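Following: one structure in structure tokens, then a few remarks.
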Amino acid sequence: MPGVWIAAAAETAPEHPSTAGPIIADSAVPAPPGQLNIQPYLSLGVVAGNFSTNWRRVSAGGNFYSLEMPVKFTYGLAPNIEVYLTSVMFQNWAGQVSAPGSGGSQSASFAGFGDLYGTVKYQLWEETDWRPTVTPLLSVNFPTGHHFNLNPARLGTDALGGGMFVFTPGVNLAKWVGPIYLYANLWYSFPTTDAGAPANQQASPLLPSVPGRDLITVNLAAEWPLTAHWVALLECYTSWNVGPLFRYSREVITHDVGVLPGIEYIFNSRWSCELGVAIDLVGKNSFYSYTPIFTAIMTF
């Protein structure tokens, strides 16, 4: 038996064509030491309605749009260790809102930077013919985005962050099962405190979900290399609120499940881009939207 385990550990990872990686799901293989990746995103969320407590689709009470422009900086810190930092800028709009804000306003807009996200990943096991890449991670959400003391006249467009630190341990998996490259993420997020909902939270679905409850995130993704340059992409993203482990929460439970079909183009080993559309399918106590997303990956 010891000989079998030693032989398995010595197996090399199966080779597969180059891909850009998923858009929403996180990859498992860390960047090589000294490599820097810069990945800007451009996404436009069009809110189509709300999911009720009974999982039904109801009106959003107005027209709401959110242009998100994150930039992700990834660096290979050491062998098997990757760190990345994500900063995001928002431009939100609300119009024809059925529940007017202060002064009778029915339209508003607001722009600014949201929360800052930092993550460290360590590749525990490299992929072999029989085992996936296994990479634990720890992510921290820094509450840099505007959240409290919202202006009721802005109809929720000025809510750009969650208002508290959130810690997320988790694990990423990846496996080449020719001709498909498979990914899976399992994360558990818990905030430091229960911030409570803003007074005007019901005015706009653009308000981020106040993370009073813990959150389980499960992402799945599959890449199918079609040619040396083109790669088909399909993702499924899910989030589930659960009762907090360490405190009491007043917040309602929310769920969300969606898919993202997309396409990738690999220019060369240093440049690639992706285009997809995130479609919220089912949920509870949350809004649903259709979000086209474009991203480019630059490697230095």
Checklist entry - When residues of the stretch 82-112 are filtered for being within 30 Å of residue 36 (Cα to Cα), of a type in the set (A, V, I, L, M, F, W, C) and in contact (Cβ under 8 Å) with a residue 24 or more places away in the chain, how many remain? => result 5
Checklist entry - So how many residues does the stretch 283-299 have that are of a type in the set (Val, Ile, Thr) and under 21 Å from residue 59 (Cα atoms)? => result 1
Item to check | Search result, residues across the stretch 167-194 that are in a strand (DSSP E or B) and among the polar types (S, T, N, Q) | outcome: 168, 172, 185, 189
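For (1) in contact with a Ser or Thr (Cβ under 8 Å, 6 or more places away or on another chain); (2) part of a strand (DSSP E or B); (3) over 30 Å from residue 18 (Cβ atoms); (4) modelled with pLDDT of 95 or more, each residue gets a yes or a no:
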| residue | (1), (2), (3), (4) |
| --- | --- |
| 218 | yes, yes, no, yes |
| 241 | yes, yes, yes, no |
| 245 | no, no, yes, no |
| 263 | no, yes, no, yes |
| 268 | no, no, no, no |
| 276 | no, yes, no, yes |
| 281 | no, yes, yes, yes |
| 288 | no, yes, yes, no |
Item to check | When residues of the stretch 124-134 are limited to those that are surrounded by 19 or more Cβ atoms within 10 Å (Cβ to Cβ) and of a type outside the set (Asp, Glu), the one nearest to the chain's Cα centre (by Cα) | outcome: 133
Checklist entry - Looking only at the stretch 255-281, which residues are surrounded by 15 or more Cβ atoms within 10 Å (Cβ to Cβ), in contact (Cβ under 8 Å) with a residue 60 or more places away in the chain and either of a type in the set (Val, Ile, Thr) or out of contact with any strand residue (DSSP E or B) (no Cβ under 6 Å at 6 or more places or on another chain) (or both)? => result 266
Next on the checklist: Whether any residue in the stretch 77-98 is in a helix (DSSP H, G or I) and either touching a helix residue (DSSP H, G or I) at 6+ places or on another chain (Cβ under 9 Å) or modelled with pLDDT under 95 (or both) is what I want to check.
Outcome noted: no
Checklist entry - Out of all the residues in the stretch 198-216, which are assigned to a loop (DSSP other than H, G, I, E, B) and either modelled with pLDDT of 50 or more or of a type outside the set (A, V, I, L, M, F, W, C) (or both)? => result 198, 200, 204, 205, 206, 207, 208, 209, 211, 212, 213
Checklist entry - Do we have any residue at all in the stretch 135-154 that's surrounded by fewer than 19 Cβ atoms within 10 Å (Cβ to Cβ), of a type in the set (A, V, I, L, M), out of contact with any Cys (no Cβ under 6 Å at 6 or more places or on another chain) and modelled with pLDDT of 95 or more? => result yes
Next on the checklist: Of all residues being modelled with pLDDT of 95 or more and touching a Phe, Trp or Tyr at 6+ places or on another chain (Cβ under 6 Å) in the stretch 170-197, which is farthest from residue 225 (Cα to Cα)? Just the residue, please.
Outcome noted: 170
Next on the checklist: With at pLDDT 90 or above and within 29 Å of residue 179 (Cβ to Cβ) as the only criterion, which of 30, 14, 40 stands out?
Outcome noted: 30
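The values are calculated or read from the model by the stated rules, or taken from the named source; none is laboratory data. This structure is a prediction, so every number in the text was calculated from the model and none was measured. Reconstructed Cβ throughout: ideal geometry from the backbone, glycine too, with neighbour counts over all protein chains shown.
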